[in-house]
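Quick notes on the structure that follows.
The numbers here are math on the coordinates, done by the rules we state, and not lab data. Just so you know, these numbers come straight off a predicted model, no measurement behind them. When we count neighbours, we look across all protein chains shown, and the Cβ atoms used for this are built from the backbone with ideal geometry, even at glycine.
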Amino acid sequence: MTKHIVYIVTTQTYGPIFIGHTSDLLFRMTQHRTGGARSAAMRIDRLVYTESYDCPFQARKRVKALKAASREWIDALISAKNPTWQSLMAAPIQDLCAA
């Protein structure tokens with residue numbers, strides 16, 4: 001079964017963020033890092049948060065909710081799971097998809 005990953009990327013701790021979803025996180029992060037994504041212009045390429053869903057509709061609904069949330073709430077969400085805002089791409093991709 002395909003996992004659908006909701007993710008948040010940033011440039012730095014508490015910097016500009018980009019919220020999206022994908023079924024291929026490695027490919028999507030490659031796009032962010034090499035310029036194939038809209039966020040590439042701002043160099044938003046540090047993966048700091050992920051959630052996994054079985055259904056693409058649930059993932060899209062979550063992205064919409066995150067985009068509507070306040071920035072303070074999103075920062076607290078990221079900090080609760082990743083207090084140092086370190087890039088999660090150092091972790092094995094399987095671990096990220098299971099998160």
Between Ser23 and Arg62, what is the label-point separation in nm under the 7 Å Cα-to-beta-carbon projection? 1.6
Less than 15 Å from a label point 7 Å out along the Cα-to-Cβ axis of Asp54: which backbone N atoms in the range 1-17 qualify, by residue? 1-5
Peptides 60-69, 22-31 ordered by average Cβ neighbours within 10 Å, highest first: 22-31, 60-69
